[in-house]
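Note sheet for the following structure.
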Amino acid sequence: MQNLEILANAYSNGGLFFVGNHLTWCDLFAYDMLENILHVDSSFLSRYSWLQRNRQEVEQQPNIAAYLKS
């Protein structure tokens, strides 16, 4: 995961998404992968601040938020 954060910081241009300032399939893939990990270890993201912020940003997207509420 540390390498994933390094890559994200290199390509995100300082934003909260993996590629630029817009949600992409990379963000959705990471979100899904992290959800599975968090079911096993709920404190996992505490070590990865960028991934934690990315996850929160994905959850705040209107269509994603509506889906998660349903």
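Each reported figure results from applying straightforward, stated rules to the coordinates on display, with no laboratory input. Keep in mind it's a predicted model, so treat the numbers as computed, not measured. Glycine gets a Cβ as well: all are built from the backbone with ideal geometry, and neighbour counts include every protein chain shown.
The ranking of S43, S70, S12, S49 by Cβ neighbour count inside 10 Å, starting from the fewest, reads S70, S43, S49, S12.
Charges were assigned to the Cβ only: +1 to each Lys and Arg, -1 to each Asp and Glu. The resulting dipole of the chain about its Cα centre is roughly 100 debye.
Once Rg and the Kirkwood radius are both taken over the C-alpha atoms of segment 2-69, their ratio Rg/Rh works out to 0.95. Projecting the Cα atoms of I64, F18, S49 onto the dipole axis of the chain, where Lys and Arg carry +1 and Asp and Glu carry -1 at the beta carbon, places S49 farthest toward the positive end. By the count of neighbouring beta-carbon atoms within 10 Å, fewest first, Y67, Y48 end up ordered Y67, Y48. Put the Cα centre of segment 39-56 next to the Cα centre of segment 16-35 and the gap is 13 Å. Per residue of the chain, what 222 nm ellipticity follows from adding -39500 (n - 2.57) for every DSSP H run with n ≥ 4, rounded to the nearest 500? Result for the chain, helices only: -19500 deg cm²/dmol. Fewest-first ordering of Y31, Y11 by other beta carbons within 10 Å of each residue's beta carbon gives Y11, Y31. With a simple spin-label model that places each label point 7 Å from the Cα along the Cα-to-Cβ direction, the separation between K69 and D32 comes to 2.4 nm.
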